[in-house]
Amino acid sequence: MATLSDAGTMGVTVKPGSYSESEVVALMKQLLNMAGVSANITAGEGSGEGIQVDVGDGKGAEVASILPTSRAEAFRREMVPKLLNYVETQKDTALPVIKFRGPEELEEAFDAVVADGLKIGSAAVDSPSLLAAVDTVLEYGVRTGSPLFNNQLFGTPDAVAMAGDWLTSAMNASAYTYEVAPVFALMETELLVKIGATLGGEYAKASNVEGLFVPGGSISNLYAVQVARYRSCPKIKEQGNSASPAPLCAFVSDQIHYSFKKACSLLGLGSDCLIVVPTDPVTGAMDSSEFRRLLEESVAAGKKPFFVGTSAGTTVLGAFDPYNEIADICDEYNEKVAPGGVYDEQEGHPGIWMHVDGAWGGSAFLSAKYKYYMAGAERANSYSWNPHKMMGATLQTCAFVTRHAGMLLNANGTNAAYLFQPDKEYRDLDYGDKTIQCGRKVDHLKLWLMWKYHGDVGMEARVDHLCGLAEYMSEQISTRVDEQGRRMFVQVAPTSFTNVVFYTIPPSLRLPADVDNSDAAILAALDMDALKTVAPMVKKRMQEQGLAMIGFQQVKQWNNCWRMVFAGAKEEIMTTDTVDEIMNSLLEIGSDL
């Protein structure tokens, strides 16, 4: 605690467990020098006299006001420049994307800087050691903000969204009731309306829109299945799945996100309730004729169809399902089983709920140029979108939206008396009873700030830039040849959105230049058993050298092909030159294979 005498002398007593006196002296000297104050600083160093600062010019009070008030506050102040420096150097491609180390090596790195290493011991750790641990985290963590990080469906965080994330943590708010989060309740409402207006169709009418910001795209898909099940048979909410008059079944494509299988397991429907619809062998989009066939078969087998999940940008191929065709089939079926679309609050609706999982590719709706990918998506009953993926909002920022206002509240509401008192003010803005959670982070603040800052034009420009980079890479893949005229890359599927799926062909496996130059012909002629071993070896070398990070996986019949995705706030830090750098790295590292 700092005290001042009338003579301008300040005494600082360092409490046990906080900074040592020598640490405080060093800090005070730095602060006083910045303030232009001349002072004599002495320390008792264990004598109990504490630290004396003789100022004598009336500036003692100013000095007292800028000193840390606690050990924790001082730690936070020292953290800030570290974080700012880390963020500001993310664009530097000379820095390794990762210093890849095994578990034992990472444990040793932490053992070297902080007591008990990664383990949580019983004793408090001093601030210098903890700050050294922070440096170790930053050193060995993956630099996901680098333009060379294209390994996952997210990337460089937007600077404004990041500031919003810091603001969210500083305020430590929870979005369950209006009284504890009044500003955030209004922001969430406006964002959901904006998303609906951007998607179009019946979503464009604000009174139709209901939704939530939820912790992840998988949770959005869980909400979709859960709300669809409730609409199909409201009695399930109290009585369980046995209340359904017939076994429920749902439809998804063979390229759909695995979260739907988990959702059905979690909801007690069982993953076997999912009927998998084949997809186009090239694009990976759902085959609507197969959906119709399987729908008819399920009805003939005595099942009750209640849900179809579609994709806006599958994780590997980036496929967009034919929404209009699927919606037409749903409408035909729904009109047959529920003429006029009548919904009975007791018996529910016997039709099919259509959902669009736009976690990855849903950002296409922001761009006039690429919105064609989303044609018909507005006809779906619900829609999910993860701005933390393509758009660069910091993790996690995810929205679930339906055009059936009231359905979320009916499906999840329990009217907990201690939170949702019916007689309090603005009860209609209590979002908490619509959720399967209680406390909920105000993730939407990040998107609100980001969208306000960039505007529709800026959001559209980001989508266009990233899609443009993917198109450039696709062009390079099809035209790059070595000095003998042999193709060095081959694509396994057409570029969709920003997903580019391809193989790098090392010199030992390249085909003569006079072979048919089409991707299909090259894939048919290549030694695929040998080619599938290339990506794992190249990836290992790239990790060891800290070079570009991109993923490989199997998709359909193609084993261990590269999947390049462009995501994040990269319009100022990633150009076609960066794409060339990544492609050159792949060639150089695998040149001896």
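Write out the GluC sites (Glu not before Pro) in segment 523-593 meeting two conditions: DSSP loop, and at most 15 other Cβ atoms within 10 Å of their Cβ.
Answer in residue order: Glu572.
For segment 87-157, state the semi-axes of the equivalent ellipsoid (square roots of 5 times the eigenvalues of the alpha-carbon gyration tensor), sorted largest first and rounded to whole angstrom. Walk me through the numbers before you get to the answer.
Working: eigenvalues 148, 35, 21 Å².
Gyration-tensor ellipsoid for segment 87-157: 27, 13, 10 Å.
Given the C-alpha centroids of segment 493-513 and segment 221-268, what is the distance between them in whole angstrom?
If we compute the Cα centre of each part, the gap is 39 Å.
Before rounding to the nearest 500, sum -39500 (n - 2.57) across all DSSP H runs of length at least 4 in the chain and divide by the residue total; then give [θ] at 222 nm in deg cm²/dmol.
On the way: 18 runs with 229 residues, N = 593.
Using -39500 (n - 2.57) per qualifying helix, the result is -12000 deg cm²/dmol.
Pull up all non-local amide H partners of Val214: gap of 5 or more, or a different chain, and H-to-H distance under 5 Å with H placed in the peptide plane.
Cys398, Ala399, Phe400
Could you list which residues have their amide H under 5 Å from that of Asn560, counting only those 5 or more apart in sequence or on another chain, with H placed in the peptide plane?
Gln553, Gln554, Val555
For segment 174-282, what is the relative contact order in percent, using Cα pairs closer than 8 Å and at least 6 residues apart in sequence?
Details: 87 pairs, mean separation 18.8, N = 109.
It rounds to 17 percent for segment 174-282.
Using the heavy atoms of the protein chains alone and a 1.4 angstrom probe, what is the accessible area of the chain per residue in square angstrom? Can you show the working numbers first?
Numbers: 26470 Å² over 593 residues.
Spelled out: the 1.4 Å probe surface of the chain, per residue, equals 45 Å².
Give me the percent of DSSP beta bridges within the chain that run antiparallel, rounded to the nearest 5.
Details: 36 of 57 bridges.
For the chain, the DSSP antiparallel bridge percentage is about 65.
For the chain, take the longest principal axis of its alpha carbons; what is the angle in degrees between that and the long axis of helix 534-545, to the nearest 10 within 0 to 90?
Orientation of helix 534-545: about 10 degrees from the principal axis.
Report in % the part of the accessible area of the chain that belongs to carbon and sulfur, leaving out ligands and nucleic acids; probe 1.4 Å. The partial results should precede the final answer.
On the way: 14070 of 26470 Å².
That fraction is 53 percent.
Taking square-rooted eigenvalues a ≥ b ≥ c of the alpha carbon gyration tensor, is segment 116-162 rounded, prolate or oblate, where a/c under 1.5 means rounded and, failing that, a/b exceeding b/c means prolate?
Values: a/c = 3.13, a/b = 2.40, b/c = 1.30.
Here segment 116-162 falls in the prolate category.
Which value, in Å² rounded to 10, gives the accessible area of Thr504 with a 1.4 Å probe and all protein chains present?
Its accessible surface works out to 10 Å², give or take rounding.
Could you state the angle between the C-alpha long axis of helix 444-479 and the longest principal axis of the C-alpha atoms of the chain, as a value from 0 to 90 degrees rounded to the nearest 10?
That works out to roughly 60 degrees.
Answer rounded, prolate or oblate for the chain, using the Cα gyration tensor with square roots of eigenvalues a ≥ b ≥ c: rounded when a/c is under 1.5, else prolate when a/b is larger than b/c, else oblate. Walk me through the numbers before you get to the answer.
Numbers: a/c = 2.43, a/b = 1.34, b/c = 1.81.
It is oblate, given that a/c is not under 1.5 and a/b is not larger than b/c.
For segment 336-460, evaluate the Debye formula with one uniform point scatterer on each Cα (no solvent term) and list log10 I(q)/I(0) at q = 0.09 Å⁻¹, rounded to two decimals.
Reported log10 I(q)/I(0), two decimals: -0.36.
At a probe size of 1.4 Å, how large is the accessible area of Lys532, to the nearest 10 Å²?
We get 70 Å² for Lys532.
Taking a threshold of 30 Å on the Cα-Cα distance, which of the pairs Lys237/Lys389; Lys99/Lys441; Lys91/Lys452; Lys261/Lys452; Lys237/Lys303; Lys235/Lys336 fall above it? Numbers along the way, then the final one.
Values: Lys237/Lys389 33 Å; Lys99/Lys441 32 Å; Lys91/Lys452 24 Å; Lys261/Lys452 36 Å; Lys237/Lys303 20 Å; Lys235/Lys336 23 Å.
Violating the 30 Å limit, Cα to Cα: Lys237/Lys389; Lys99/Lys441; Lys261/Lys452.
If you take every residue apart from Gln421 with its C-beta less than 12 Å away from the C-beta of Gln421, what net charge results, scoring Lys and Arg +1 and Asp and Glu -1?
-3
Could you give me the ³J(HN,Hα) list for segment 223-231, computed from phi with Karplus coefficients 6.51, -1.76, 1.60 and θ = phi - 60°, whole Hz, x at Gly and Pro?
Calculated HN-Hα couplings, in order: 4, 4, 5, 5, 5, 4, 5, 4, 4 Hz.
Output the relative contact order of the chain, whole-number percent, from Cα pairs under 8 angstrom with separation of 6+ residues. Working shown, then result.
Values: 1068 pairs, mean separation 96.0, N = 593.
So the answer I get is 16 percent.
What is the helix-to-structure angle for 21-35, meaning the angle in degrees between its Cα long axis and the longest Cα principal axis of the chain, kept from 0 to 90 and rounded to the nearest 10?
90 degrees
Relative contact order, percent, of segment 265-366 when contacts are C-alpha pairs under 8 Å separated by at least 6 residues?
28 percent
If each Cα of segment 511-593 is one equal point scatterer, what is log10 of I(q)/I(0) from the Debye formula at q = 0.13, 0.26, 0.27 Å⁻¹?
-0.52, -1.34, -1.36
May I ask you to list the GluC sites (Glu not before Pro) in segment 168-260 that are in a DSSP loop and have at most 15 other Cβ atoms within 10 Å of their Cβ?
Those satisfying the criteria are Glu179.
If each Cα of segment 445-490 is one equal point scatterer, what is log10 of I(q)/I(0) from the Debye formula at q = 0.21, 0.22, 0.23, 0.25 Å⁻¹?
Values, matching the q order: -0.72, -0.75, -0.78, -0.84.
The values are calculated or read from the model by the stated rules, or taken from the named source; none is laboratory data. Treat the numbers as computed from the prediction; the structure is a model and nothing was measured. Positions of Cβ are generated from backbone atoms using ideal geometry, with glycine treated the same way; all protein chains shown enter the neighbour counts. Quick note on the areas: whole protein, heavy atoms, side chains included, nothing else; ligands and nucleic acids left out. Shrake-Rupley method; radii C 1.70, N 1.55, O 1.52, S 1.80 Å.
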